[in-house]
Structure formats: C-alpha cells, structure tokens
Amino acid sequence: MKQIWQQRLDAAFDMYFAMSKDLQGDITALIHDEEDSQSSRRNFIRAASALMEGYARCFREMCQVGIETGAGPPTSQEVKILRSERSFHSAERVKLTLQAAYKLFQLPALPEFRGEDWRNAQRLLEKRNKLMHPKSAEDLEVTDELWHDVYYGAIWLFKQLFGFIEQLAIVHGGESLDHKM
C-alpha cells in the first residue's frame, strides 16, 4: 500500500511541476506588462485565478494521499474539500485546501486568512467569476480601487501558495514524504 501512496504522491507532484511552469510564466508576463489597460487587468485576474485554482487542485491531489494514510489533523470541512471540491466556491476551495495541506504535511507557518490580504484575494476570485460569466458591461470593468485590491490580494495569495512548496522543501527536503505521513 505504501508504494501505491508514493506513486500517487509522485504523480501529484509531477502534475504540480508541469502546471507550475506555465502558470507562473503567464503571471510573470502579466506582472511585467507595462500596459495598464482594462484588457491587461482582466487578463491578470484570469491568469492569477488559474494559477490559484491549479495549485489548489495539485495540493488536493497531494493531500488525498495524506488523508488515506491517516495523517492529520484536518478539520471535517478540510477533509470534505479534499474529497469533493464541487460544493465549495473558489475562495473556500483555495483556503481550505491550503489549510489542509499545511496541516497534513506538518508545516509550521499556516497562512492567516483573517486579514485584509485574504479579503483582497477573495475579491480577485469574485471578480474572476464576473469576468468569466458577465451579465453587464460593469462586470467587465476593473476600477482603479478594485485593481489595487485584487493585485495585492493576488500577490499575497501567491506567497501563501509558493510558501507551501518552499516550507515543504525545508521541512521534508531530504526525506521521502511517504514516511512523514
């Protein structure tokens, strides 16, 4: 059974590394984009959301192995998101997945989801939904105030997502992850 878990964990990491390069490339290009147009703002929101959702998906795959091995202690909501993401909206999926991942892999610095940074990240994900399913011209507009908030919310959430992998490498760096769970 241990070999199967390791294979699934390896596959989840492979998926993460394959997606990470492309998604980070999209964001890097948009961050360095000199143009401050509505189009570039919308593209940044879409690409940032794709990175967040993509990483969260990879982390859920990694965590499912942890759940099966009895590692923990995730909350019942965190276990629910790992088993079926469908009943959660974007912000809940990202938040609960990150919390579960940090706990299951026994990482020390759990992200804080109570401050303004998290609220700004939530606004980004809400705006992405309006951009992807517009019902009016206003849904496509990214005001200067909203842009400021969602941009810095995205940067904060990127740090949390990248921080998971960074801490994982520090805490479990030279060891096989399967015997830590």
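If a residue has to be more than 20 Å from A48 (Cα to Cα), of a type in the set (D, E, K, R) and part of a loop (DSSP other than H, G, I, E, B) to count, how many in the range 80-102 make the cut? Selection size over the range 80-102: 1. Of all residues in the range 102-126, exactly one satisfies the criterion of being over 23 Å from L146 (Cα atoms) and among the small types (G, A, S), namely A109.
Let's see how each residue does on (1) surrounded by 18 or more Cβ atoms within 10 Å (Cβ to Cβ); (2) at pLDDT 90 or above:
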position	(1), (2)
G66	yes, no
S76	no, no
R83	no, no
E92	no, yes
L96	yes, yes
K103	yes, no
L110	no, no
N120	yes, yes
E126	no, yes
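Residues in the range 103-132 that are part of a loop (DSSP other than H, G, I, E, B) and not hydrophobic (A, V, I, L, M, F, W, C): Q106, P108, P111, E112, R114, G115. On inspection, K135 qualifies as modelled with pLDDT of 90 or more and either assigned to a loop (DSSP other than H, G, I, E, B) or farther than 23 Å from I165 by Cβ (or both).
The values are calculated or read from the model by the stated rules, or taken from the named source; none is laboratory data. What you see is a predicted model; the values in this text were computed from it and never measured. Neighbour counts are summed over all protein chains in view; Cβ atoms, including those assigned to glycine, are modelled from backbone coordinates with ideal geometry.
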